[in-house]
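> Would you mind keeping the following structure in view while I ask a few things?
The values are calculated or read from the model by the stated rules, or taken from the named source; none is laboratory data. Keep in mind that what you see is a predicted model, and the values were worked out from it rather than measured. Reconstructed Cβ throughout: ideal geometry from the backbone, glycine too, with neighbour counts over all protein chains shown.
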């Protein structure tokens, strides 16, 4: 049976979860929020967490048998009656199994929106350093950050996103104080964000370089510098990369990131 648990629960610090921690790092951020839905098996072999309005994340210990997993997913979806999930994120087989059960109980369809590779960088390799330097971004950079965020969404999802719609997100991200850019002279040519720090890791996201500045090593230089910053704080850098983007995956591997598993992001539609 799945039960609710508090944000201070130790389940995400137990050996079973820690073996898959890089792959499921987002669960730390989700389960810290007081507004989140948090459920776990009583024995700690599975965790589901969901931030309102976003897909849920589901982890299950690899030692759970196929037969037991089917029973657990059926019971979990029954327990979620009355709770609307926009989608589910998990390793592909588990995500598909949950999605089939959840969708069939509610008369929905499922669509895989993205497949991501999870990475951790225990040691930075030394890529060729590009011209320029890293600096923390400030209020003056908000218009450019909004433009970068809009372009990132447009490229990722194939639908035009106006920069004005990303202004609030740009303000929030800059004011959080963990957004960095690579400066080529006075020009901001790449950005990346340290979005969350947990006990053992720090996650990088929002890595974006405009098309006209790509293939010059700016993103590599920026992410490598962020990794050094994170490692100096006694944490390991982690991130997710779109599996359909071979260029970004190659960049991360060249920096020293090692793959730790795949996550499928499946959404539910009427």
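> Identify, please: which residue in the stretch 82-97 is more than 18 Å from residue 45 (Cβ to Cβ) and free of Cβ contacts under 8 Å to residues at least 24 places away in the same chain and is, among those, surrounded by the most Cβ atoms within 10 Å (Cβ to Cβ)?
So the residue we want is 84.
> Now for a different question. Check 228, 203 and return the single one that is in contact (Cβ under 8 Å) with a residue 60 or more places away in the chain, crowded, with 18+ Cβ neighbours inside 10 Å and not in a loop (DSSP other than H, G, I, E, B).
On the way: 228 fails: crowded, with 18+ Cβ neighbours inside 10 Å.
None of the other options fit; the residue is 203.
> Any chance you could count how many residues in the stretch 129-158 are surrounded by fewer than 16 Cβ atoms within 10 Å (Cβ to Cβ) and touching a helix residue (DSSP H, G or I) at 6+ places or on another chain (Cβ under 8 Å)? Spell out how you get there, then give the answer.
Just the residues of the stretch 129-158 that are surrounded by fewer than 16 Cβ atoms within 10 Å (Cβ to Cβ), to begin with: 129, 131, 133, 135-136, 138-140, 143, 154-158.
Among the residues that remain, those that are also touching a helix residue (DSSP H, G or I) at 6+ places or on another chain (Cβ under 8 Å) are: 129, 138-139, 143.
The number of residues fulfilling the criteria is 4.
> Out of the stretch 102-126, which residues are within 21 Å of residue 233 (Cβ to Cβ), surrounded by 12 or more Cβ atoms within 10 Å (Cβ to Cβ) and in contact with a helix residue (DSSP H, G or I) (Cβ under 9 Å, 6 or more places away or on another chain)?
Keep residues of the stretch 102-126 that are within 21 Å of residue 233 (Cβ to Cβ), which gives 118-126.
Remaining after also requiring surrounded by 12 or more Cβ atoms within 10 Å (Cβ to Cβ): 118-121, 124-125.
Once the filter is applied, which keeps residues that are within 21 Å of residue 233 (Cβ to Cβ), surrounded by 12 or more Cβ atoms within 10 Å (Cβ to Cβ) and in contact with a helix residue (DSSP H, G or I) (Cβ under 9 Å, 6 or more places away or on another chain), the stretch 102-126 yields 119, 121, 124, 125.
> Being closer than 12 Å to residue 135 by Cβ and either outside the structural domain of residue 225 (by the TED database) or not in a loop (DSSP other than H, G, I, E, B) (or both) is the filter here; which residues of the stretch 172-186 pass it?
179, 180, 181, 182, 183, 184
> Restricting attention to helices (runs of 4 or more DSSP H) lying wholly within the stretch 60-171, give those where 1 or more residues are closer than 18 Å to residue 240 by Cα and touching a strand residue (DSSP E or B) at 6+ places or on another chain (Cβ under 6 Å). It would help to see each step written out before you state the result.
Details: elements: 66-79, 92-106, 142-157.
Qualifying helices (runs of 4 or more DSSP H): 92-106, 142-157.
> Turning to a different aspect of this structure: Taking the stretch 1-43 only, how many residues are within 17 Å of residue 73 (Cβ to Cβ) and surrounded by 16 or more Cβ atoms within 10 Å (Cβ to Cβ)? Walk me through how you get there before you give the answer.
First pass over the stretch 1-43, keeping only residues within 17 Å of residue 73 (Cβ to Cβ): 1-3, 24, 37, 39-43.
With the extra rule that they be surrounded by 16 or more Cβ atoms within 10 Å (Cβ to Cβ), the set shrinks to 2, 24, 37, 39-41.
Number of matching residues: 6.
Each row is one residue, and each column tells you yes or no for (1) touching a strand residue (DSSP E or B) at 6+ places or on another chain (Cβ under 7 Å); (2) assigned by the TED database to the domain that holds residue 236; (3) without any contact (Cβ under 8 Å) to a residue 24 or more places away in the chain.
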residue: 6; (1), (2), (3): no, no, no
residue: 9; (1), (2), (3): no, no, no
residue: 25; (1), (2), (3): yes, no, no
residue: 31; (1), (2), (3): yes, no, no
residue: 42; (1), (2), (3): yes, no, no
residue: 47; (1), (2), (3): yes, no, no
residue: 51; (1), (2), (3): no, no, yes
